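Step one of this worksheet: look at the structure below.
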Amino acid sequence: MTSKTISIRKIIKEWSSYKIPTIQRGFVWNEERIKDFFESIIKGYPVGSVILWSPKDEFPHVPLCDSNTNERDSNVYILDGQQRLTSIFLAYHNWEITRNGEKIEANPIYYNPSTKTFFISSSKNAPKMGVNLSLILRAFSGDSKAHRELIEKYGEYYEILSDLATKILDDYEIPYYKIEKNIGYDEVAEIFVKVNSAGVKIDNMHMFFSLFIGKLPHELSDVKDMILEIYKKYDAQFGLKFETILRFIFHNLGAKQNQITDKRKFKKAISDVWSKYKEKPEEIKNIILDSGNSIGLTLKFLENELGLARSEFIPSQNALLPLFKYFYINKNKFKTLDDIPETEKKKLAKWFILSSYAGRYSKNSKIEQDMNIIKDGNFPIDELIRKLENEDNFTINRFMRDKNNFAESLKVQGRKYMMLLMIALFKNNARDWTVQNKLVFEIVKNREYHRHHIFPKEYLLEFDITEKDLVDDIGNITIINKTINQSINSNDPKEYLQDYRNYLAEHFIPENEELWSIEKFKEFLKQRREKIYDTVYNFYLR
């Protein structure tokens, strides 16, 4: 392992194509943590080191930043430091990047050159009180447009801002360690254990997988590639997590959910699996193949029945596991979706919506017990709903009462609302507001969509409406063509909605123009939210 240092300027220029293994948690820093990070840098305080890894084999990952260029793909993985690196790229890219198709954003951080302090603000008046740190970094990194803007608006502070940029981009160097590329997948478990002991957050399930692969006999050397191929296929198609695939495959191999997530139980779990299949090791391959086929059929079901073609619209992928199990148990009965009775499809859809919305599968014990009651035959919807009512205190009546509450939809916890919106738009055959009349379902599947604020955020800001539970309420969000969304910008809904009248009913937008005024904003949210909930209820939950 080699130790070096690197400037932030070089990180921005050279590291954007680096990869984050799926063993890492997602980006969790808030704006205060990001501000503290940059304050530490300009004061010369230590901010911690980065650990990189260059393996021989490809490893399940997401990109540090998505790229629209033909930039050469890197085979360098970030084992530790992604919170800091993501903060750097957020700051450089004006507080918004995408990672594997999902948006990561933060409120802007400004620098007051008079007081030489940072502050956080989303107010339209913030540029009068300070300079966006992103503008500073871009202006002194070769972005001529940003440089002109900085001179035009803040020319009197040019020297102060130039000194700040130098401190951040050039003077401060971040230490990093690189694990050399001669370390392969068969040794990855040892790496994980060593790095984990140094405080790096690594998912136990991936450690389990590494240990399991390390014990494979020669005749099963292709098992690793089989599992990775399943991951590559369904990650590209749907955004399916490696963790979700591992949960399902190892359940089918006989490991319990708490065994593959608790490293104290790894040894026994692996021993039990090998004891079970030592006389018939080839059966492991058959189980993996059948698991992959069941995953594929489940995702086709979600796409065709609910219009859910991407994981961004699913609150938790753990809710997929009972459906995976149902198709796996019935693999000899259901080869295609046409083989499944409509009554069974309705049960599966109902359970997926309810369990996802209620957040049932946040605990291993519930995943395990629900998967174990799914047997050959009909889907046990009544038994599962009783468990939801008794164990989670969640009922369909409670679901319907929620339509009266504001529902902030664009945070991670709000994905359940985006799921409802997507299902409702799909069942309503909603189109994308273009002359091509593509269905919303199509543009989501092809990643050509934007989440559109019907009352635009900048428009609401003019009336000092900044509360996220209002601005990002599901009643204010729809899904349209990304070019149309950009062209609407911050226009008054009373004006621009006139141009899209043919699409309003499909998107549950009230056609009463009085509700398009800022004075009726909350009533608009209420009426549209009710329509979305009612649509899902009438199709699947009544």
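The values are calculated or read from the model by the stated rules, or taken from the named source; none is laboratory data. Every value quoted in this text rests on a predicted model; they were computed, and no experiment measured them. Note that each Cβ is placed from the backbone with ideal geometry, even for glycine, and that neighbours are counted across all protein chains shown.
Okay, here's what the table says:
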read-out: Qualifying positions in region 204-225 - acidic (Asp, Glu), part of a helix (DSSP H, G or I) and closer than 18 Å to residue 58 by Cβ; value: 225
read-out: Candidates 98, 115, filtered to the one that is without any contact (Cβ under 8 Å) to a residue 40 or more places away in the chain, among the hydroxyl-bearing types (Ser, Thr, Tyr), part of a loop (DSSP other than H, G, I, E, B) and surrounded by fewer than 21 Cβ atoms within 10 Å (Cβ to Cβ); value: 115
read-out: Scope region 105-117; condition in contact with a Ser or Thr (Cβ under 7 Å, 6 or more places away or on another chain) and of a type outside the set (Ser, Thr, Tyr); matching residues; value: 107, 108
read-out: Residue match in region 79-88 (condition: surrounded by 15 or more Cβ atoms within 10 Å (Cβ to Cβ), under 22 Å from the mean Cα position of the chain (by Cα), in a loop (DSSP other than H, G, I, E, B) and of a type outside the set (Ser, Thr, Tyr)); value: yes
read-out: Conditions (1) in contact (Cβ under 8 Å) with a residue 60 or more places away in the chain; (2) in a helix (DSSP H, G or I); (3) buried (at least 21 other Cβ atoms within 10 Å of the Cβ); number of the one not met by residue 308; value: (2)
read-out: Residue pairs meeting the criteria (Cβ under 9 Å; at least 6 apart or on separate chains; first assigned by TED's automatic domain parsing to the domain that holds residue 362 and within 16 Å of residue 453 (Cα to Cα), in region 391-420; second at pLDDT 95 or above and among the aromatic types (Phe, Trp, Tyr)); value: none
read-out: Options 299, 289, 246; residue that is among the aliphatic types (A, V, I, L, M) and closer than 30 Å to residue 407 by Cβ; value: 299
read-out: Qualifying residue in region 359-366 (condition: in a helix (DSSP H, G or I) and within 30 Å of residue 107 (Cβ to Cβ)); value: yes
read-out: Hits in region 122-174 - residues which are acidic (Asp, Glu) and under 29 Å from residue 464 (Cα atoms); value: 149, 152
read-out: Residue tally, condition outside any helix (DSSP H, G or I), closer than 27 Å to residue 443 by Cβ and not hydrophobic (A, V, I, L, M, F, W, C), over region 311-349; value: 3
read-out: Count - residues of region 421-431 that are over 17 Å from residue 453 (Cβ atoms) and surrounded by 14 or more Cβ atoms within 10 Å (Cβ to Cβ); value: 6
read-out: Matching residues in region 136-146 - criterion: being free of Cβ contacts under 8 Å to residues at least 40 places away in the same chain and either more than 21 Å from residue 7 (Cβ to Cβ) or not charged (D, E, K, R) (or both); value: 136, 139, 140, 142, 144, 145, 146
read-out: Test result for residue 275, part of a helix (DSSP H, G or I) and surrounded by 21 or more Cβ atoms within 10 Å (Cβ to Cβ); value: no
read-out: Scope region 485-526; condition in contact (Cβ under 8 Å) with a residue 24 or more places away in the chain, surrounded by fewer than 17 Cβ atoms within 10 Å (Cβ to Cβ) and within 27 Å of residue 395 (Cα to Cα); matching residues; value: 522
read-out: Pairs, first without any contact (Cβ under 8 Å) to a residue 40 or more places away in the chain and under 16 Å from residue 299 (Cα atoms) in region 330-356, second small (Gly, Ala, Ser) and surrounded by 14 or more Cβ atoms within 10 Å (Cβ to Cβ), C-beta under 9 Å, six or more apart; value: 351/319
read-out: Residue match in region 422-433 (condition: more than 17 Å from residue 535 (Cβ to Cβ), not acidic (Asp, Glu) and not assigned by TED's automatic domain parsing to the domain that holds residue 327); value: yes
read-out: Residue under evaluation residue 448, criteria (1) free of Cβ contacts under 8 Å to residues at least 40 places away in the same chain; (2) more than 19 Å from residue 312 (Cβ to Cβ), criterion not met; value: (2)
read-out: Helices (runs of 4 or more DSSP H) contained entirely in region 449-542, each with at least 3 residues that are within 28 Å of residue 306 (Cα to Cα); value: 468-471, 482-488, 501-504, 521-536
read-out: Residues within region 236-259 that are assigned to a helix (DSSP H, G or I) and within 25 Å of residue 374 (Cβ to Cβ), tallied; value: 13
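Each row is one residue, and each column tells you yes or no for (1) of a type in the set (D, E, K, R); (2) touching a helix residue (DSSP H, G or I) at 6+ places or on another chain (Cβ under 9 Å); (3) closer than 17 Å to residue 418 by Cα.
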position: 494; (1), (2), (3): yes, yes, no
position: 500; (1), (2), (3): no, yes, no
position: 504; (1), (2), (3): no, yes, no
position: 510; (1), (2), (3): no, yes, no
position: 517; (1), (2), (3): no, yes, no
position: 526; (1), (2), (3): yes, yes, yes
position: 536; (1), (2), (3): no, yes, yes
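Residue-by-condition table, conditions (1) under 19 Å from residue 85 (Cα atoms); (2) at pLDDT 80 or above; (3) touching a Ser or Thr at 6+ places or on another chain (Cβ under 8 Å); (4) not in a helix (DSSP H, G or I):
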position	(1), (2), (3), (4)
119	no, yes, no, yes
127	no, yes, no, no
141	yes, yes, no, yes
150	no, yes, no, no
153	no, yes, no, no
169	yes, yes, yes, no
190	no, no, no, no
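Residue-wise test of (1) under 29 Å from the mean Cα position of the chain (by Cα); (2) farther than 27 Å from residue 435 by Cα; (3) at pLDDT 95 or above; (4) outside the structural domain of residue 355 (by TED's automatic domain parsing).
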site: 482; (1), (2), (3), (4): yes, no, no, yes
site: 506; (1), (2), (3), (4): yes, no, yes, yes
site: 513; (1), (2), (3), (4): no, no, yes, yes
site: 528; (1), (2), (3), (4): yes, no, yes, yes
site: 535; (1), (2), (3), (4): yes, no, yes, yes
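Table: residues versus (1) at pLDDT 95 or above; (2) out of contact with any Lys or Arg (no Cβ under 9 Å at 6 or more places or on another chain).
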{"site": "296", "(1), (2)": "yes, no"}
{"site": "308", "(1), (2)": "yes, yes"}
{"site": "334", "(1), (2)": "no, yes"}
{"site": "358", "(1), (2)": "yes, no"}
